[in-house]
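Colleague: Below is a structure I'd like to ask you about.
The values are calculated or read from the model by the stated rules, or taken from the named source; none is laboratory data. Predicted model, so just to flag it, every value in this text is computed and none were measured. All Cβ positions, glycine included, derive from the backbone under ideal geometry; neighbour counts span all protein chains shown.
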Amino acid sequence: MMKRKFDLKKDVIIALNPLQTRYQLFSERVFQPLYSATNDGIYRMERLKRTGIGLGLTLAELGVGVLIIFLGIFIYFTIYFTYQYIYIPPLAHYPLAPEIIVYAIPFAIPIGIFIGIIVALVFGIVKLVKIIRKLSRKINIAEGELVVPWVSVRNIVVTNVRQENIANRPSITLNIISPVYKEIGDWHVLTTDGRDITIPNVDDPFNKLNYVKNRFNLTF
């Protein structure tokens, strides 16, 4: 089957069976292919790969925030530690230089550690920013494998229509007590060569079918 890359900012792509809640990330549905309708047919996308990229981008952005917080904390304590506990005599006391050096050695080690940690944090932030830029470019590109072109579609029949709770609140208990229902169904794509291709878990299947037909001027 033909493969194609899509620019999500330019190409028209209609996801047919996207995940409905955050909790489905931990269900078997995350392993089901993501089917999308485009101008020339229906494509099978790699849902797990795209989910991984999105998760990686989120973690990298979170990591930058955490490192910046730690960087601020270490800089603050480095300055505080330096001014509170290290006494540097005035220039007039230079004859005491050997004693000053001996006195400062125990403090030089933790200061060096602090500075090393700060440098490491800055290096980590720079690395994470580069990762974020790379992932941001990737997340705008989707690759799909053509399942069936529109010219080969004879008809699409909606079956197995049911109501599913898609409440997406942080509280699972509240989602159960106060559900939000949405119509979910399966598309059976009947082709001119006799195949029956099933697109599972299409949300709002009847309206989405009408929208796809109108959007791409389909007449089957």
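Colleague: Scanning for something out of contact with any strand residue (DSSP E or B) (no Cβ under 7 Å at 6 or more places or on another chain) and of a type in the set (A, V, I, L, M, F, W, C), does region 194-215 turn up at least one residue?
Modeller: no
Colleague: Kindly indicate which of TYR35, TYR23, TYR43 is at pLDDT 70 or above and assigned to a helix (DSSP H, G or I).
Modeller: Numbers: TYR35 fails: assigned to a helix (DSSP H, G or I); TYR43 fails: assigned to a helix (DSSP H, G or I).
After applying the criteria, what remains is TYR23.
Colleague: Scanning for something part of a loop (DSSP other than H, G, I, E, B), over 26 Å from the mean Cα position of the chain (by Cα), of a type outside the set (Val, Ile, Thr) and closer than 15 Å to VAL148 by Cβ, does region 209-217 turn up at least one residue?
Modeller: Pass one, region 209-217, residues part of a loop (DSSP other than H, G, I, E, B): 216-217.
If we keep only those that are over 26 Å from the mean Cα position of the chain (by Cα) too, we end up with 216-217.
So of that shortlist, the ones also of a type outside the set (Val, Ile, Thr) come out as 216-217.
Applying the additional criterion that residues be closer than 15 Å to VAL148 by Cβ yields 216.
Yes.
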